[in-house]
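Heads up: the structure comes next, in structure tokens.
The values are calculated or read from the model by the stated rules, or taken from the named source; none is laboratory data. The structure displayed is predicted, hence computed values, not measured ones. Here Cβ is always computed from backbone atoms with ideal geometry, including for glycine, and neighbour counts include all displayed protein chains.
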Amino acid sequence: MAFIKMCGLRNEATVDHAVGLGVDAVGFVLAESPRRVTPEQAAALRTRVPAGVLAVGVYVRMPLDEIVATASAAGLDHVQVHDLRSADDVRVLHDAGLTVIRAVNSGGADAVNADFGADLLLVDGAVAGAGVTWDWQDRSALPTGRWILAGGLTPENVARAVTTSGAWGVDVSSGIESSRGVKDPALMTAFAAAVRSAS
């Protein structure tokens, strides 16, 4: 069954609902975004995430020392970073005890294929967090092994996306929202069911 990460969670009810659905990871956005939470809010939400479910801090355009500091303040040991520049960046985060998901935008074969030593690769659409689909049907342009597909996934298209792309996991945010930044429990439930129907 495909790994499921639900991202941009901002309150106890949506964290509890995601956990109840049996997702593998939840994401807390600590960068500027309509979905942003403070490190203190993330720390409170983190207490509702049981062992076995990854709690991931999501970062873009933030210095490495700030990533380390906010992850520590939030009690997070997994980070998803959208603008890592080199293996040295990953090493700094590893040295701080963090597991690193390197997020890249689709369309950049060099970025997708580069090996920075991260623990997981996430391939998003052209603009991270925009909820826009991209061409995940051409497997020759996609990574192999364990990688996470993101970008414009919804309950309606995720089963086909998993089957077509061969992705190991999926990440969703806007596709389970009733409005930007507001999660919809019914869409969350439908999304998890759709992923499992493809597995």
Please go through segment 57-83 and give me each residue that is within 17 Å of Glu32 (Cα to Cα), among the hydrophobic types (A, V, I, L, M, F, W, C) and either out of contact with any helix residue (DSSP H, G or I) (no Cβ under 6 Å at 6 or more places or on another chain) or free of Cβ contacts under 8 Å to residues at least 24 places away in the same chain (or both), ordered by number.
Val58, Val60, Met62, Ile67, Val68, Ala69, Ala71, Val79, Val81
Take segment 7-37 and flag every residue that is within 11 Å of Val53 (Cα to Cα) and part of a strand (DSSP E or B).
Ala25, Val26, Gly27
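Check whether at least one residue in segment 118-126 is outside any strand (DSSP E or B) and modelled with pLDDT of 95 or more, and report yes or no. If you could, list the steps in order and put the result at the bottom.
Going through segment 118-126, the residues outside any strand (DSSP E or B) turn out to be 118-119, 125-126.
With the extra rule that they be modelled with pLDDT of 95 or more, the set shrinks to 118-119.
Among the residues of segment 118-126, at least one is outside any strand (DSSP E or B) and modelled with pLDDT of 95 or more, which makes the answer yes.
Given the residues Arg48, Arg91, which is the only one that is of a type in the set (D, E, K, R), modelled with pLDDT of 95 or more and under 17 Å from Gly27 (Cα atoms)?
On the way: Arg91 fails: under 17 Å from Gly27 (Cα atoms).
Just one listed residue meets the conditions, Arg48.
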Filter result (surrounded by fewer than 21 Cβ atoms within 10 Å (Cβ to Cβ), farther than 16 Å from His78 by Cα and either of a type in the set (Lys, Arg) or touching a residue at least 24 places away in the same chain (Cβ under 8 Å) (or both)) within segment 18-27
Val19, Leu21, Gly22
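State all residues of segment 24-81 that are charged (D, E, K, R) and on the phi > 0 side of the Ramachandran plot; if no residue qualifies, say none.
The initial filter retains those residues of segment 24-81 that are charged (D, E, K, R), namely 24, 32, 35-36, 40, 46, 48, 61, 65-66, 77.
If the condition is that a residue be charged (D, E, K, R) and on the phi > 0 side of the Ramachandran plot, then Arg61 is the only one that fits.
Among the residues of segment 58-77, is there at least one that is within 11 Å of the chain's Cα centre (by Cα) and not polar (S, T, N, Q)?
Initial filter on segment 58-77 (within 11 Å of the chain's Cα centre (by Cα)): 58-59.
The next check asks that each one be not polar (S, T, N, Q); those that pass are 58-59.
Taking every residue of segment 58-77 in turn, at least one turns out to be within 11 Å of the chain's Cα centre (by Cα) and not polar (S, T, N, Q).
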Residue that is in contact with a strand residue (DSSP E or B) (Cβ under 7 Å, 6 or more places away or on another chain) and surrounded by 16 or more Cβ atoms within 10 Å (Cβ to Cβ), where the choices are Gly8, Gly75:
Gly8
Check off (1) out of contact with any Asp or Glu (no Cβ under 6 Å at 6 or more places or on another chain); (2) at pLDDT 90 or above for Gly108 and give me the number that stays unchecked.
(2)
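Out of all the residues in segment 153-174, which are crowded, with 16+ Cβ neighbours inside 10 Å and either among the polar types (S, T, N, Q) or modelled with pLDDT under 90 (or both)? Break it down stepwise before answering.
From segment 153-174, those crowded, with 16+ Cβ neighbours inside 10 Å are 153-155, 158-159, 161-162, 164-165, 167-174; that's our starting set.
Of everything in segment 153-174, those that are crowded, with 16+ Cβ neighbours inside 10 Å and either among the polar types (S, T, N, Q) or modelled with pLDDT under 90 (or both) turn out to be Thr154, Thr164, Ser165, Ser173, Ser174.
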Please go through segment 71-96 and pick out each residue that is assigned to a loop (DSSP other than H, G, I, E, B) and either out of contact with any Ser or Thr (no Cβ under 9 Å at 6 or more places or on another chain) or of a type in the set (Ser, Thr, Tyr) (or both).
His82, Asp83, Leu84, Arg85, Ser86
If you check every pair at least six apart or on different chains, which have Cβ atoms under 9 Å apart with a residue in segment 28-54 that is more than 9 Å from Ala74 (Cβ to Cβ) and surrounded by fewer than 17 Cβ atoms within 10 Å (Cβ to Cβ) first and a residue that is modelled with pLDDT of 95 or more and of a type in the set (S, T, N, Q) second?
none
